[in-house]
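Participant: I have a structure here, written as structure tokens, and I will follow up with some questions on it.
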Amino acid sequence: MNILDIIAKKRDGKELTKEEIKYFITKYTNNEITDYQASALVMAIYINGMNEREITDLTLEMAYSGDVLDLSSLGEVVDKHSTGGVGDKITIILMPIVASLGIPVAKMSGRGLGFTGGTVDKLESIPGYTTNVPVDKFIENVKRIGISLIGQTLNLAPADKKLYALRDTISCTDSIPLIASSIMSKKIASGANKIVIDVTCGSGAFMKNTYDAKELARVMTEIGRLAEKETVCIITDMNEPVGHAVGNTLEVIEAIDVLKGKEMPKDIKNIITELGANMLLLANKVKDIDEGKAKILENISNGKAYNKFLELVENQGGDITYIENTDKFEKAKYITPIIAKASGKVAKLDAYTIGKLSVYLGAGRMKKEDDIQKEVGFVFCKKVGDDVNEGDILGYIHSNDEEKTKEILKQEIFTIE
């Protein structure tokens, strides 16, 4: 067996065996296969695709290419994952809720890269909160208080990290077999028994249309079945940002407000109830989705979810006075209103554009080593479908650079018709 024969086989549209996939992943992870050879195989997969058995074999080989977290001592762990987007603070809201309902939450999250934000960056906006927690302490935290949200401290799925970076350099990111295996390999390596995946769809997501989102969801569900990890996928809209806030500190503040029972944006309510209800159903905590949705909202209104979030933050070194009084968070130098130039309805607030502008302000990073400015971003007062009068405030730009603010104001962020 050699890599040239494997490349030729997939180039010709043939099915790879489990042994051939294992050979490729093992040798590539150990630097015994070159990037240019791996690129040729990835391009062949991109063009000719893979069947479900191949995708599952690829997923499992990537999952077991490094450390695999053992969460068996915690019982039935249901993980939640999002395929990424703009303004996506759902993990920060939802995980304390499900923890307050008796599901152990042991979640490792990543940092933001490109126009999508990262949960770790958002959590680190809370002064003192540490995301770098050793695995034994991580598991101990979950046993003691039912929840821990940290960064990826283990060498999880190193083959995926290599292939992910490679795909980006050869324009092979939007391949369903490669996206599905990348996501599921990380989820399997991170130790969950069951998985709920938020498959975002729209301009601010990997999947730009419903057809592709449904296909990705179908493939990941099938991988989960073949890998004996029960998996449910929920497709959610990412044509406009989630909620009102975009930017690390600003999103944390919005998440805290939701957990405190303040007014909840409709899209956030829909997402957390749908995902949360499915998590409760997988964990056998409810008999149906409707009961699950009711329990999610109940534990917001009775304060149990907020109290669980306080417990989480305090347990990981965060200063809970910032949670109790969000006015304490550091603010951007310039908070500038976006004024409506016409009357009508908001027809578009493009998530991709907002994501790019957030990076421009400093809220995101284009390279992993880039620093971010936690306090910058946007807070929107209007969403798609809202009525607008000329002169209304549509939202606010939170910026540390006056010139960047002026540049953003020149652009038509909102489409009003």
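The values are calculated or read from the model by the stated rules, or taken from the named source; none is laboratory data. Just so we're clear, the structure is a prediction, and the values are computed from it rather than from any experiment. Using ideal geometry, Cβ is built from the backbone for each residue, glycine included, and neighbour counts are taken over all protein chains shown.
Participant: From the list G202, G191, exactly one residue is closer than 16 Å to S82 by Cα, not assigned by TED's automatic domain parsing to the domain that holds G377 and not acidic (D, E). Which is it?
Facilitator: When all the criteria are applied, what remains is G202.
Participant: Of the conditions (1) over 18 Å from V242 (Cα atoms); (2) in contact (Cβ under 8 Å) with a residue 12 or more places away in the chain, G377 clears all except one; give me its number.
Facilitator: G377 satisfies every listed condition except (1).
Participant: Is it true that some residue in region 79-87 is touching a residue at least 12 places away in the same chain (Cβ under 8 Å), more than 30 Å from S358 (Cα to Cα), out of contact with any Ser or Thr (no Cβ under 6 Å at 6 or more places or on another chain) and not in a strand (DSSP E or B)?
Facilitator: No: region 79-87 contains no residue that is touching a residue at least 12 places away in the same chain (Cβ under 8 Å), more than 30 Å from S358 (Cα to Cα), out of contact with any Ser or Thr (no Cβ under 6 Å at 6 or more places or on another chain) and not in a strand (DSSP E or B).
Participant: Starting from region 289-301, take each residue that is under 12 Å from S100 (Cα atoms) and list its partners that are of a type in the set (F, W, Y), counting only C-beta distances under 8 angstrom and pairs at least six apart or across chains.
Facilitator: Partner pairs satisfying both residue conditions: I300/Y306.
Participant: Sort out which residues of region 38-73 are touching a Pro at 6+ places or on another chain (Cβ under 9 Å), at pLDDT below 95 and of a type in the set (A, V, I, L, M, F, W, C), and write them in order of number.
Facilitator: Correct list: L71 only.
Participant: Got at least one residue in region 131-139 being within 29 Å of Y360 (Cβ to Cβ), touching a Leu at 6+ places or on another chain (Cβ under 8 Å) and among the hydrophobic types (A, V, I, L, M, F, W, C)?
Facilitator: Among the residues of region 131-139, not one is within 29 Å of Y360 (Cβ to Cβ), touching a Leu at 6+ places or on another chain (Cβ under 8 Å) and among the hydrophobic types (A, V, I, L, M, F, W, C), which makes the answer no.
Participant: Considering each of K374, K356, K382, K348 in turn, give the residue that is among the basic types (K, R), assigned to a helix (DSSP H, G or I) and surrounded by 15 or more Cβ atoms within 10 Å (Cβ to Cβ).
Facilitator: Just one listed residue meets the conditions, K356.
Participant: Exactly one of (1) closer than 26 Å to A205 by Cβ; (2) crowded, with 19+ Cβ neighbours inside 10 Å; (3) under 23 Å from the mean Cα position of the chain (by Cα) is unmet by I397. Its number?
Facilitator: Of (1) closer than 26 Å to A205 by Cβ; (2) crowded, with 19+ Cβ neighbours inside 10 Å; (3) under 23 Å from the mean Cα position of the chain (by Cα), only one is false for I397: (3).
Participant: For region 3-34, which residues satisfy the criterion of being more than 22 Å from A63 (Cα to Cα) and among the acidic types (D, E)?
Facilitator: The answer is D5, D12.
Participant: Can you name the residue in region 110-126 that is outside any loop (DSSP other than H, G, I, E, B) and modelled with pLDDT of 65 or more and, of all such residues, is surrounded by the fewest Cβ atoms within 10 Å (Cβ to Cβ)?
Facilitator: Here the answer is V120.
Participant: Return yes or no: is L163 in contact with a Phe, Trp or Tyr (Cβ under 9 Å, 6 or more places away or on another chain), outside the structural domain of F24 (by TED's automatic domain parsing), crowded, with 22+ Cβ neighbours inside 10 Å and not β-branched (V, I, T)? Give the steps one after another, and end with the answer.
Facilitator: Details: in contact with a Phe, Trp or Tyr (Cβ under 9 Å, 6 or more places away or on another chain): yes; outside the structural domain of F24 (by TED's automatic domain parsing): yes; crowded, with 22+ Cβ neighbours inside 10 Å: yes; not β-branched (V, I, T): yes.
It is true that L163 is in contact with a Phe, Trp or Tyr (Cβ under 9 Å, 6 or more places away or on another chain), outside the structural domain of F24 (by TED's automatic domain parsing), crowded, with 22+ Cβ neighbours inside 10 Å and not β-branched (V, I, T).
Participant: Being of a type in the set (V, I, T), crowded, with 22+ Cβ neighbours inside 10 Å and part of a loop (DSSP other than H, G, I, E, B) narrows it down to one of I103, I97, I92, so name that one.
Facilitator: Working: I97 fails: part of a loop (DSSP other than H, G, I, E, B); I92 fails: part of a loop (DSSP other than H, G, I, E, B).
Just a single option satisfies the conditions, and that option is I103.
Participant: Might you check whether a residue that is in contact with a strand residue (DSSP E or B) (Cβ under 7 Å, 6 or more places away or on another chain) and of a type outside the set (A, V, I, L, M) occurs anywhere in region 20-42? Outline the logic, then answer.
Facilitator: Quick first cut of region 20-42, residues in contact with a strand residue (DSSP E or B) (Cβ under 7 Å, 6 or more places away or on another chain) only: none.
No, because not a single residue in region 20-42 is in contact with a strand residue (DSSP E or B) (Cβ under 7 Å, 6 or more places away or on another chain) and of a type outside the set (A, V, I, L, M).
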